[in-house]
């Protein structure tokens, strides 16, 4: 009987350990760790281009995570991206003239929304809109500009081609 | 018996083995409801198959994680992407290395002991004695081990993964000086519970079933000699390693 007991204790320990490991993996090392919803308030921000910004991307102030992107929509009339940010209730002292920008963490990293604090005495409240926004830097665009700008002879031809290409891209996202 | 025939017609012998293995699987599945009367035996087998494998799984998980951390840090630093170390380690562990390495270790640690145990029961006529006493050896000996393998493998793979992450953290953050926050936040923003972690759990469950099926089959059908048991144990390791890696390819293709 004593031996049988020790088997059962060992089996129980093993199963508990296994499930503890699974729980650890699921809650600490996966996207569930970012779900820590808690209390948050919503801010809206319009961008002309959000690049590869995804849902649940982090929102950072001074590089510290304060919330996440909770929704991304396309505004049908303005053809702007309307991004809803869920900011943790703890960080309720963000001046309402702060600016939002879509940045990339590192060269290959993911994109995130950075809030750059302004100097206004009033703070953001639930549902406010971040008026000052800066779209994501498109590396391809920068390289394109650099290449085109470097060659004076071609710079006349390229800008004509670009306006044609852009509305197409916007229409494509609109259809989706 | 099989040695002589195998050399003459290896192909048909191999096909017969696969067919017999398939029939054996159905017999086990049919015996599972009856084996539920022997829950204690299943619990005991989970301890033998899973609990006793913990030390080797944990040690290997830690070292695999540390090696991954070192290797990937070196490679990623060429591209200036060391911030992605946590993500790459986690994804490669959860999706591939965790289930597969655990399965290979499991085949060597638990599969062989299952084959040897059942093979010796066969060689010493214990299985026949059970039948004489109206105890179904499939329900009392084979099915509990099969169930134990299916239950233990995913848990072992999870432990392996967890230790692997800790090993990579040890190397990347504590030794090579990567930023702790970057390591974790990059990982948490790119690893998905359903896509990545459960993917590995399904894989390891399937590997557990295949390995214990092969191990019990080899033990159950071994020639009742000491040489036969030795061959059966070897075949368990060889066949379950091949089956694991082949099944891994198929499952990866389907679960992508």
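So the values come out like this:
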{"quantity": "Count - residues of region A:58-86 that are under 20 Å from residue A:132 (Cβ atoms) and in a loop (DSSP other than H, G, I, E, B)", "calculated": "6"}
{"quantity": "Which listed residue is crowded, with 16+ Cβ neighbours inside 10 Å and more than 30 Å from residue B:167 (Cα to Cα), from B:24, B:47", "calculated": "B:24"}
{"quantity": "Single residue of A:25, A:55 found to be surrounded by fewer than 20 Cβ atoms within 10 Å (Cβ to Cβ), within 14 Å of another protein chain (Cβ to nearest Cβ) and not in a strand (DSSP E or B)", "calculated": "A:55"}
{"quantity": "Top-ranked residue in region B:194-211 [being more than 11 Å from residue B:154 (Cβ to Cβ) and surrounded by 18 or more Cβ atoms within 10 Å (Cβ to Cβ); ranked as nearest to the other protein chains (Cβ to nearest Cβ)]", "calculated": "B:196"}
{"quantity": "Members of region B:239-256 found to be surrounded by fewer than 17 Cβ atoms within 10 Å (Cβ to Cβ), over 11 Å from the mean Cα position of the chain (by Cα) and assigned to a helix (DSSP H, G or I), listed by number", "calculated": "B:242, B:246, B:249, B:250, B:251, B:252, B:253, B:254, B:255"}
{"quantity": "Filter result for the condition that a residue is within 22 Å of residue A:30 (Cα to Cα) and either touching a helix residue (DSSP H, G or I) at 6+ places or on another chain (Cβ under 8 Å) or part of a helix (DSSP H, G or I) (or both), over B:111, B:164, B:149", "calculated": "B:164"}
{"quantity": "Answer from B:236, B:222 - the residue that is in contact with a helix residue (DSSP H, G or I) (Cβ under 6 Å, 6 or more places away or on another chain) and assigned to a helix (DSSP H, G or I)", "calculated": "B:236"}
{"quantity": "Out of B:100, B:89, B:159, B:171, sole residue that is farther than 23 Å from residue B:245 by Cβ, buried (at least 19 other Cβ atoms within 10 Å of the Cβ), touching a helix residue (DSSP H, G or I) at 6+ places or on another chain (Cβ under 9 Å) and touching a residue at least 60 places away in the same chain (Cβ under 8 Å)", "calculated": "B:171"}
{"quantity": "Given (1) over 23 Å from the mean Cα position of the chain (by Cα); (2) in a helix (DSSP H, G or I); (3) touching a residue at least 40 places away in the same chain (Cβ under 8 Å), number of the condition residue B:178 does not satisfy", "calculated": "(2)"}
{"quantity": "Residue list for region B:73-102, filter: more than 14 Å from chain A (Cβ to nearest Cβ) and more than 14 Å from the chain's Cα centre (by Cα)", "calculated": "B:73, B:74"}
{"quantity": "Sole residue being away from chain A (no Cβ under 13 Å), surrounded by 13 or more Cβ atoms within 10 Å (Cβ to Cβ) and farther than 30 Å from residue B:179 by Cβ, chosen from B:105, B:70", "calculated": "B:105"}
{"quantity": "Tally, over region A:91-131, of residues that are part of a loop (DSSP other than H, G, I, E, B) and either within 14 Å of another protein chain (Cβ to nearest Cβ) or without any contact (Cβ under 8 Å) to a residue 40 or more places away in the chain (or both)", "calculated": "18"}
{"quantity": "Test: residue B:78 is in contact with a helix residue (DSSP H, G or I) (Cβ under 7 Å, 6 or more places away or on another chain), on the phi < 0 side of the Ramachandran plot and surrounded by fewer than 18 Cβ atoms within 10 Å (Cβ to Cβ)", "calculated": "no"}
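Here, each number is a calculation from the coordinates, and none is a lab measurement. Quantities reported herein were computed from a predicted structural model and do not represent experimental measurements. Methodologically, a virtual Cβ is constructed for each residue, glycine included, from the backbone with ideal geometry; neighbour enumeration extends over all protein chains shown.
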